[in-house]
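Presented below is the structure to which this report refers.
All of the numbers you see were taken from the coordinates with simple rules; none came from a lab. Computed from a prediction, not measured in an experiment: that's the story for all the values here. As a convention, Cβ positions derive from the backbone with ideal geometry for all residues, glycine included, and neighbour counts pool all protein chains shown.
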Amino acid sequence: MSDFKIEGYELKPGFKGMAKDTGSDQTMFKGVHWGKAMMWIFLLSDTFIFSCFLISYMKGRGSTIIDWPNPSEVFGLHVFGVDVPLLLIAIMTFVLITSSGTMALAVKYGYEKNKKMCGWLILATAIGGLTFVGMQAFEWGKLIHEGVRPWENPFGAPQFGSFFFMITGFHGTHVSIGVIFLFIYAYKTFAGHYDEGKRGWFTTMKGDYVEIEILGLYWHFVDLVWVFIFAFFYLW
Amino acid sequence: MEKTKKQEQTSTHKIGIYLWIWGLLFVLSFFSYMVDWYQFQGVLRWSLILFFMFLKAGLIMAFFMHLYWERYALVNVLLWPMTAIACFIFLMVAEFEYTVFTRFFYFVVGG
Amino acid sequence: MSEDFSDNKTIQAQSSETISGGGSGITPDMDYVRPAEVGEQDLYHGHSFITKWIFCQDAKVIGVQYFLLATFTGIIGLILSWLMRLQLGFPELVPFMTAEHYYQFVTMHGMIMVVYFLTALFLGGFGNYLIPLMVGARDMVFPYLNMVSFWSFFVAVGVLLASFFVPGGPTGSGWTLYPPQAILEGTPGSGWGIMLMCISLILFVAGFTMGGLNYLITVLQARTRGMTLMRMPLTVWGIFTATVLAMLAFPALLVGALMMSLDNVLGTSFFMPTILKAGEVLEYGGGSPILFQHLFWFFGHPEVYIVELPAFGIISDLISVHARKNIFGYRMMVWAIVGIGALSFFVWAHHMYVSGMNPWFGFFFATTTLIIAVPTAMKVYNWILTLWRGNIRLNTVMLWCLGFIVTFVNGGITGIFLGNVSVDVPLSDTYFVIAHFHMVMGIAPLMVIMGAVYHWFPLVAGRFLDEKLGKWHFWLTFLGAYSIYFPMHYLGFIGVPRRYFEMYDSPYVTSAVGMNEFISLAAFIVGAAQFILIYNIIKTLKTGKPAGHNPWQACSLEWLTPTVPPEHGNWGDRLPTVHRWAYDYSVPGAKEDFITQTTPPSEVAHTKVEKT
């Protein structure tokens, strides 16, 4: 991140540094771990996947001549005799942001090589993710109970159901994969693999706390995508 | 990249910055929820939704994903491809408007 | 040349951080290259047959695996094209050839050749083999992931070929897989076939993503000391940029394939409008077929350049080596590659002029399409200027290069016809289009592959391919390909539509029949000529002339490994140090007509080397 030195290379800040780094030998991203660079490029590619989903959704929703259902009502909950719009979605957003925060702190403690804090925070993140997936399952169940299917929708345009299940399903898959990895990494942290530089199961690379940051990037990306889905699918 | 000799982290960020961003994200999410709660409509709704969305996305990317502290060489590489997405969005807006126009013209008006 | 990689002249000066270049005057630190930023890579060395040759983590073996599997699928594509030509030239000659089969063969031929043959061969094959060698890395940065990438490709090919054996056979919707017809009953393979096609594509994309991340990070983060981006051979630039395109374009294909699978299996209506079939309304409704076309071509046009850019890069290197001249306008070539890559995301709908999209789009996309011709034309000029007054060795490799330039210019010019809306409208869906894209992205890249095989075979196998057979192979392919595709332009002009199973008694029959027979005969010969290469490889693998070190007197790193063929880890004890670009040929004042990238400046201080 911010402060590091490279022998025989002056790191310039800002745009001058950008030009110099790009034109230099060996590495373009100075001091960036291979795995971290890979995760960033992967996330860029994944951004294009989600963008294509959301663009398709925009095109589909924009060109239908049957009315689109009002998400505020469809996703509302009836609690204590009051209709609260979007309540479940609001709670899901809250949970996911919470888990994003714990992840950010886990990365911070990882860099400080604070094994215990790091491990517990990863575990907390994983539990947050699990809660999110659970609530999403509840939401799916509720909609299916009300008669929404991928191919039909009692509230209006059938594409509503199609896009809803596809996009949230794809995002949910990302969250689920993230949760699995969070549990694995929590185990590896507690077992001290990053302190002793133990090699991973499939790689010759030695374990390092930078792996926590790489996982963190993925997890924040999942949160980032949710910000866009929340805005475009639920609030629009 | 095995043991990287140049990569010793000499300092990490203070916990305060993370807590601040965390808090801000909650507040902004609450605000965007309020957009729906008060049922703002039209341009106001749109601009508020997009404003909060980009603010939240920016905060997550800049601070949680550390992009603010990264060197520009990386930031540059990550942001340029978004122009292709922007172009795609822009053209698909034009496309759905045309589709919906033809649908109304042929199905509703009857040609 | 064997001392080149030992690099014992490096003087470690402390203060200067500059990367040494050529120039005048010998100063103590002119050979200085700053120390390595990154520690040595730990490699997993295989110790059994399985870990050495099958589930291998060595990029070179993976490259050869990709090459062989892609060639295998390519041969299937070739056989399918033979069957198609048999039907077109001599209708009703083949008893089992129904219209359904014809469409299935067209579809599979197209998809196999574009994705499973050319893309896999250029990026998976040449990319894996050459990138680590050319940038001076020990291996790809994530060898395990690289291995998984190949095996995903393997499974993808398996799923694709399995569709020949499922009920209904493979999909027959054309390689563009346009809905709604792709998944409606009546189109061959509308159930299983299209499903397996989508699954296969998704697997391919997943596998490719793993490989692509490897290529990108190896180029960006694992170059050797002294290797700047602007010193990389153009081959690496081409493959690198193509990989960037693939990483950003394949998502659109993935999304399109996924949504179409859902339309097919779950009955959603992403792409399916309200459809009347035999007076009966189907359950679909409200979807947008044109959305699929946009998604497909948002992938499809960059895909053209995914095939084309590595070809551009490789051809630049081959021409430079065999004309003994530096590539003309290296920086311009790099920027042209990057520019073409960037622009390729803004031209996709020129494939859709007649699709019924927003009519204003024609203006936008015709403009961008013509703009993209500018960097492409610059590249052609630069190749010709590289040849100009070069010391040309007219060997097989050079013949393929010249063949490529001619073919590519030919296909490029017809591209300008098709890029303009008003010319494209009458020509679209005729054989003119077939001729255009086969010239520009079929034959032209194929010529590069062939040239590259003749060029790098001595590195991979340590022996030369037979020149005489090579020349037969070239002339049969080159003249034959022209016999196939040149008449097709004419067929297009008289209006013969593409994708027609048979012309029956249409007015085209009289003028087109003879020509179709001629094209078919040429196609059989050209197809058969490709087996000369396979024979050549098998023959020379054991008995060919030994190549030894750096047989072409090339400058770039891949020829400077301690052992030929390079072993796992590529560089023996010490990584090479790079002092210059890869094109110092015929430098005035130098002893030999090439100066390798590892030659320190103090050794060639009296020559007029380029400052790079």
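What is the P(r) of the range C:30-93, as percent of Cα-Cα pairs per 5 Å bin from 0?
4, 13, 11, 10, 10, 9, 10, 9, 7, 6, 4, 3, 2, 1, 0
Give me a single rounded figure for A:11-22: the average over its residues of other chain Cβ atoms within 10 Å of their Cβ.
Details: counts 2, 2, 2, 2, 3, 1, 3, 7, 3, 2, 5, 8.
Average neighbour count from other chains, rounded to a whole number: 3.
Where does the protein assembly as shown land on Rg(C-alpha)/(2.2 N^0.38 Å)? Present the calculation step by step, with values, prior to reporting the outcome.
Details: Rg = 29.0 Å, N = 959, 2.2 N^0.38 = 29.9 Å.
The protein assembly as shown yields a ratio of 0.97.
Remind me, what semi-axes does the range C:59-272 give for its equivalent ellipsoid, largest first in whole Å, using sqrt of 5 times each Cα gyration tensor eigenvalue? Mind showing how you got there, number by number?
Details: eigenvalues 251, 75, 35 Å².
They are 35, 19, 13 Å, listed from largest to smallest.
Just rank A:Trp236, C:Trp237, fewest to most, by other beta-carbon atoms within 10 angstrom.
Listing A:Trp236, C:Trp237 from fewest to most nearby Cβ atoms yields A:Trp236, C:Trp237.
Given axes a ≥ b ≥ c from the Cα gyration tensor, I'd like to know whether chain B is rounded (a/c under 1.5), prolate (a/b larger than b/c) or oblate.
Details: a/c = 5.10, a/b = 1.78, b/c = 2.87.
The shape class here is oblate.
Could you tell me what fraction of 2.2 N^0.38 Å the Cα radius of gyration of the range C:389-470 comes to, as a two-decimal ratio?
On the way: Rg = 16.6 Å, N = 82, 2.2 N^0.38 = 11.7 Å.
Compactness ratio reported: 1.42.
Rounded to whole Å, give me the distance from the Cα center of the range A:104-122 to that of the range C:547-587.
Result: 45 Å between the Cα centres.
What is the distance in Å between the Cα centroid of the range A:147-168 and that of the range C:451-501?
When both Cα centres are located, 50 Å separates them.
Where Rh is the Kirkwood radius over the Cα pairs of the range A:35-235, the temperature 20 °C and the viscosity 1.002 mPa s, what D in µm²/s does Stokes-Einstein return?
Numbers: Rh = 18.3 Å.
Estimated diffusion coefficient is 117 µm²/s.
Suppose R0 equals 41 Å; then what is the FRET efficiency for B:Glu97 and A:Lys142 from their Cβ-Cβ distance, rounded to the nearest 0.05?
On the way: r = 34 Å, r/R0 = 0.82.
About 0.75, to the nearest 0.05.
What's the exposure ranking of C:Ile340, B:Ile89, C:Ile306, going from fewest to most Cβ atoms within 10 Å? Intermediate values should be presented prior to the final figure.
Details: C:Ile340 23, B:Ile89 15, C:Ile306 29.
In order of increasing Cβ crowding within 10 Å: B:Ile89, C:Ile340, C:Ile306.
Arranged by the count of other C-beta atoms within 10 angstrom, fewest first, what order do C:Phe594, C:Phe299 take? The partial results should precede the final answer.
Working: C:Phe594 21, C:Phe299 27.
Final ranking by Cβ density, sparse to dense: C:Phe594, C:Phe299.
Sequence-distant or interchain residues sharing an amide H contact under 5 Å with C:Arg463, placed H: which?
Close amide H contacts, sequence-distant or interchain: C:Ala547.
Between beta-carbons, use under 13 Å as the cut-off and find the net charge around C:Lys277, counting Lys and Arg +1, Asp and Glu -1. Could the numbers behind the result be given before it?
Numbers: positive: none; negative: C:Glu185, C:Glu280, C:Glu283.
Result for the neighbourhood of C:Lys277: -3.
With each pseudo-label sitting 7 Å past Cα toward Cβ, what's the C:Thr543-B:Ala62 distance in nm, one decimal?
7.2 nm
For chain C, build the convex hull from the C-alpha positions and give me its volume per residue in Å³. Don't skip to the answer; put the middle values down first.
Working: hull volume 98.1 nm³, N = 612.
Hull volume normalised by residue count: 160 Å³.
Can you list the lysines whose alpha carbon sits under 22 Å from that of B:Lys56, skipping same-chain ones fewer than 8 residues off?
Cross-link targets: A:Lys108, B:Lys14.
Quick one: Karplus J couplings for the range A:102-119, per residue in order, coefficients 6.51, -1.76, 1.60, θ = phi - 60°, nearest Hz, x for Gly and Pro?
Result, ordered by residue: 4, 5, 4, 5, 4, 4, 4, 5, x, 5, 7, 6, 8, 4, 5, 4, 4, x Hz.
Whose amide H sits under 5 Å from the amide H of A:Arg199, counting only residues 5 or more places off or on another chain, with H placed in the peptide plane?
Residues meeting the criterion, in which the H sits 1.01 Å from N, are A:Gly207.
Report the normalised scattering of the range B:51-102 as log10 I(q)/I(0) at q = 0.15, 0.25, 0.31 Å⁻¹, calculated by the Debye formula with identical scatterers on the alpha carbons.
So the normalised log intensities are -0.60, -0.97, -1.07.
Mind listing the phi-derived Karplus ³J(HN,Hα) values for the range A:217-223, rounded to whole Hz, using 6.51, -1.76 and 1.60 with θ = phi - 60°, and x for any glycine or proline?
My calculation for the range A:217-223 gives 4, 4, 5, 5, 5, 4, 5 Hz in order.
Which of the residue pairs C:Lys325/C:Lys379; A:Lys5/A:Lys113; A:Lys113/C:Lys60 have a Cα-Cα distance greater than 26 Å in the structure shown? Could you put the intermediate results ahead of the total?
Numbers: C:Lys325/C:Lys379 16 Å; A:Lys5/A:Lys113 20 Å; A:Lys113/C:Lys60 38 Å.
Beyond 26 Å between Cα atoms: A:Lys113/C:Lys60.
Roughly how many whole Å is it from the C-alpha centroid of the range B:24-62 to that of the range C:383-419?
Distance between centres, Cα-based: 56 Å.
Can you pull the percent of Cα pairs in the range C:438-488 with separation above 14 Å? Don't jump to the answer; show the numbers that get you there.
On the way: 730 of 1275 pairs.
That tail contains 57 percent of the Cα-Cα pairs.
With θ set to phi - 60° and the Karplus curve 6.51 cos²θ - 1.76 cosθ + 1.60, what are the ³J(HN,Hα) couplings of the range C:511-520 in order, to the nearest whole Hz, using x for Gly and Pro?
In residue order, the calculated couplings are 7, 9, 4, x, 5, 4, 5, 4, 4, 4 Hz.
Please work out how much length the chain gains when fully extended from C:Phe531 to C:Glu280, using 0.36 nm per residue of separation minus the C-alpha to C-alpha distance, in nm with one decimal.
Working: separation 251, 0.36 × 251 = 90.36 nm, distance 5.15 nm.
Residue separation times 0.36 nm, minus the Cα-Cα distance, leaves 85.2 nm.
Tell me the net charge near A:Gly192. Cut-off is 10 Å between Cβ atoms, A:Gly192 excluded, with +1 for each Lys or Arg and -1 for each Asp or Glu.
So the surrounding residues net to +1.
Using a 10 Å cut-off on Cβ to Cβ distances, tally the other chain neighbours for every residue of B:74-86 and report the average as a whole number. Let's see the in-between values first.
Details: counts 10, 3, 5, 11, 5, 1, 2, 10, 4, 3, 10, 9, 1.
Averaged over the peptide's residues, the number is 6.
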